[in-house]
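Trainee: I have a structure I would like to understand better, so I am pasting it below and will then ask my questions one at a time.
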Amino acid sequence: MTDQPMLHVPSDPGRERWARRALEQATLDEVIEKEDGIAAWLWERWRVLESVGLDRPGFVEIVAGYRRELWLWLMGERTWAQCCSGLIGRIGRRLAAE
């Protein structure tokens, strides 16, 4: 795919609520994939991806595949900018391969 949308790094959503859920009651997959999870939060900011054929389930799959880096962000080992920039790169590579 040649015309990929330019994704921005959205403002840091704050990791506290998701980190607390991951540590206390939910699996990391739930924190990422549920309706109030990280993937849903990002999808609302990057809906432009629909215009190039990436649907929400496909997007959630990409984000879920990035769970290790998201975990490191949740635990304070990565900044939001580092984490999100890497995810943007992953999305771009996935779109280019299609």
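Values quoted throughout were computed directly from the atomic coordinates according to the rules given, and no laboratory measurement underlies them. On a predicted model such as this, the values are computed, not experimentally measured, just so you know. Note that each Cβ is placed from the backbone with ideal geometry, even for glycine, and that neighbours are counted across all protein chains shown.
Trainee: If I ask for residues that are in contact (Cβ under 8 Å) with a residue 12 or more places away in the chain, outside any helix (DSSP H, G or I) and surrounded by 14 or more Cβ atoms within 10 Å (Cβ to Cβ), which ones from the stretch 66-84 would you list?
Mentor: Correct list: Tyr66 only.
Trainee: Which of (1) in a helix (DSSP H, G or I); (2) surrounded by fewer than 12 Cβ atoms within 10 Å (Cβ to Cβ) does Leu87 not meet, given it meets every other one?
Mentor: (2)
Trainee: Just checking, how many residues over the stretch 51-65 are closer than 19 Å to Ala22 by Cα and in a helix (DSSP H, G or I)? Steps first, please.
Mentor: First, the residues of the stretch 51-65 that are closer than 19 Å to Ala22 by Cα: 60-61, 63-65.
After this cut, where a residue has to be in a helix (DSSP H, G or I) as well, the list is 60-61, 63-64.
Total satisfying the criteria: 4.
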